[in-house]
Structure formats: C-alpha cells, structure tokens
Amino acid sequence: MPTPTIKWINSVDGHAELIDQTLLPSEFRMIKITDMENMWQAIKTLQVRGAPAIGIAAAYGVLLGMQNIDNTAPLVKAKVRLKQTCDYLATSRPTAVNLFWALDRLQKRAIDHKITTTIQLKETLLTEAQAIRDEDAAMCRAIGTHGAHLIHSDDSILTHCNAGGLATADYGTALAVMFAAHESGLNFHVYADETRPLLQGARLTTWELVQAGIDVTLICDNMAGHLMAAGKINLVITGADRIAANGDTANKIGTYSLALLAHAHNIPFYIAAPSSTFDLSIPDGSHIPIEQRSPEEITHPFGTAIAPQNVNVYNPAFDVTPYQYIKAIITEKGLIAPPSHTTIARMIKS
C-alpha cells in the first residue's frame, strides 16, 4: 500500500487517520478520527475493516478514549477510564478476534508496575499501539514470504472478500502471498469474487491488485463453481477473521461455500492469517460469534432499493469453514499443514 490504511499522528494527544474504505474505488479519502466514538463508528460502518486493521483501529481508539483524562489525573482514575474505553470499543464488532486481542493487550500492558502516573500510562499505551501496528506490518510481509511458493507460473487463483493492505497495516494476508509471488517475477492470474452484499472483492481487492499490476478478473460470487468445473482455478486463498484452536476458520460469508467447492474439485484451499487472528481459547468454530448486520445492506445496497419493502432478511457477515477443508494456514511463522489442535498449538506458541 502506498498509503498506510491507518496511522497515528503526533503524540498521546494526537489523532488517527485512516482510508475510508466505504468510498473506494470511486474516491480515495483519508479521514481524521479525533475521538473514541468516531473510531467505534468507523469500525462498525466498515470505514476500516479487515481483522488486523480492526485491531489496530481499536488500539488507536483506546488512545483517543484516554484523552478525556487529564495527564495529571490520579493513575487509578485513568485505569478505570481505560477499562471503560476498552469495554466500549469491544461492542463495535463481535467476530474479528484481533479487536479483542488488541484491547486485551493494552490492558495487560497497563499493569506494568513501572507506570506511576497517568501521562506514563498514556505514553505506554501509545508505544504498545504503535507496536501492534508495526508487528502486523512485519507479519504481513512474512506471510507473503512463506506463502509465495504455493503459487506457480500461469496459475489461476481465486480469492474472496478483501485480505490485502486495506485489511491490515501493510501488504495484507491472502493478497500478501500474491504480492510476494508477483514481486518474485511470477506471472499468474487472479479471479476475485465480488463478495456480496458489500462488494469488498469488487471495490477493494480488484483495486489493490490493479494498482500492483497483477492480472485480475472480477466475477460474481455464484460463478466460482463454474470456473472450478471448467478447470480454470488452481488454488483458493482467503484471509480470516478468527481461527479456533482446531483450525475452524471464520471469514467473510461465502468462504465456506468456496471451501466445499474446492474440496469437490480437488483444488487446494488455503487460509492466510497472522498469529493474532488465532483464538486458542475456543476449541472449534461453533464457539465463534457470527455478526448479524443490517438488512438494508441487502435490500438497499449503496442506497438503491432492490427488494420489496418489509421483506424478511438474513444477513450474517461471516461463516465458518471447518478445518478439514483447509489444506494449510499460512502464518508469519510458516505453514500449518494440516490444521489441527496439535499443529496450531505447536506453531502459534513457538
């Protein structure tokens, strides 16, 4: 990404800036976020989206929430404010585990006994938030390095939703694999699902791939099976929003269908995700909360009515792909293949 998806400007009393992803690809705009409530809204309305980017946004949201406490206020009061801020931001979206991971990480950092004043607490939180951002950028690059060998010249890759630089601090997860392969000189083709109902694949993934000079074709979500049957897909790579201890993976709605189709056509299906997206506290995908979003996203996409008034709508934002259909999970530490309680624990805890 030539411009960081999200960044922090200045010191503890600064602000966040992020790319408004709801405007792409027709308009590229950086927006300024100056308070915790606006960051909550940016996460909720998908101005910032993608599990790693949501985690970074939440960390910066904590910094904004702490600005309501004077730098000279008692430390105990500041720590109460910290918990209130984290609890509030945690209500923005339920599925992407990076959100909760980042909030928990900041609260644990605040326990440091060397912190004796409120200003020290704020400075420590800023340092930790920036570390989350920098570590994610490094993990994305490593994911690309570890996954690039899975792509061969003249391959055709199918991807779903957006798991590029827009969804992370830099470079992406699923798209990082493609960026790294492209930079190594490989020629290949990408098919990008449009990704209903908000068209993240059409609006965001194709935009990133075109910018990178990678050959990409946009398809409707319901065309994937046809392409696989015609022998036009060699592998599938998607990102993830939460991965359970056994490898069951929550990702954008429609991912499970692709995994089943890939399995039926003997096509390898890969997940690319940093270790921060694993939730080892839950045994399997049945414990992953699935976000239900507004009916208007389906009945009135981008403000245009396409369905009868008052029709019933079911709009889950994610589904869960069982680990059995995942050939490998590409992480910053290497490939987890095949995914299981044992292989995941060994890799993530190493």
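Just so it is clear, none of the values below were taken in a lab; they were calculated from the coordinates. A quick note: this is a predicted structure, and the numbers were derived from the prediction, not measured. Methodologically, a virtual Cβ is constructed for each residue, glycine included, from the backbone with ideal geometry; neighbour enumeration extends over all protein chains shown.
By count of other Cβ within 10 Å, fewest leading, how are 166, 209 ordered?
209, 166
Taking the number of other C-beta atoms within 10 Å as the exposure measure, put 329, 271 in order starting with the fewest.
The most exposed by this proxy come first: 329, 271.
Measure off 7 Å from each Cα along the Cα-to-Cβ vector at residue 37 and residue 134, then give the distance between these two points in nanometres to one decimal.
Placing both labels 7 Å beyond Cα along the Cβ direction yields 3.4 nm.
Please work out whether segment 149-348 counts as rounded, prolate or oblate from its C-alpha gyration tensor, where a ≥ b ≥ c are the square roots of the eigenvalues and a/c under 1.5 means rounded, while otherwise a/b larger than b/c means prolate and anything else oblate?
In terms of gyration-tensor shape, oblate.
Please tell me the relative contact order of segment 149-348 in percent, rounded to the nearest whole number, where contacts are Cα pairs under 8 Å and at least six residues apart.
20
How high is the relative contact order of the chain? Use alpha-carbon pairs under 8 Å, at least six apart in sequence, and give a whole percent.
Computed value for the chain: 16 percent relative contact order.
Counting trypsin sites (Lys or Arg not before Pro) as exposed when in a DSSP loop with at most 11 other beta carbons within 10 Å, what is the longest stretch of the chain free of them?
After excluding every exposed loop site, the longest remaining stretch is 115-348.
So if R0 is 22 Å, what FRET efficiency would residue 127 and residue 83 give, r being the distance between their Cβ atoms, rounded to the nearest 0.05?
E(calc), rounded to 0.05, equals 0.70.
Match the structure shown to one of the listed values [x] 37, 23, 19; [y] 34, 22, 19; [z] 29, 26, 19 of semi-axes √(5λ) of the Cα gyration tensor in Å, computed from it, and give that label.
[y]
Once label points are set 7 Å from the Cα along Cα→Cβ at both residue 217 and residue 345, what is their separation, rounded to one decimal in nm?
4.5
To the nearest 0.05, what FRET efficiency results for residue 286 and residue 73 with a Förster distance of 51 Å applied to their C-beta separation? All intermediate terms of the calculation are to be shown ahead of the outcome.
Values: r = 44 Å, r/R0 = 0.86.
It comes out at approximately 0.70.
Excluding residue 14 itself, what net charge comes from residues whose Cβ is under 14 Å from its Cβ, given Lys and Arg +1 and Asp and Glu -1?
0
Take the Cβ-Cβ distance between residue 229 and residue 314 as r, set R0 to 45 Å, and report the resulting FRET efficiency rounded to the nearest 0.05.
Numbers: r = 28 Å, r/R0 = 0.62.
Approximately 0.95, to the nearest 0.05.
Counting alpha carbon pairs within less than 8 Å and at least 6 residues apart, what relative contact order, in whole percent, applies to segment 1-133? Walk me through the numbers on the way to the answer.
Details: 182 pairs, mean separation 32.3, N = 133.
After rounding, I find 24 percent.
Which of the aspartates and glutamates could a cross-linker bridge to residue 349, judged by Cα under 13 Å and excluding same-chain residues fewer than eight apart?
Of all the aspartates and glutamates, those that pass the test against residue 349 - Cα under 13 Å, at least 8 places apart if same chain - are 279, 332.
With each run of n ≥ 4 DSSP H residues scored as -39500 (n - 2.57), what mean residue ellipticity at 222 nm is computed for the chain after dividing by its residue count and rounding to the nearest 500 deg cm²/dmol?
-11500 deg cm²/dmol
Test of understanding: ordering 226, 265, 160 by Cβ neighbours within 10 Å, fewest first, what list do you get?
Listed from fewest to most nearby Cβ atoms, that is 226, 265, 160.
Here are some pairs, 32/114; 114/333; 77/122; which of them have Cα atoms lying more than 22 Å apart in this structure?
Going by Cα-Cα distance, 32/114; 114/333 fall outside the 22 Å limit.
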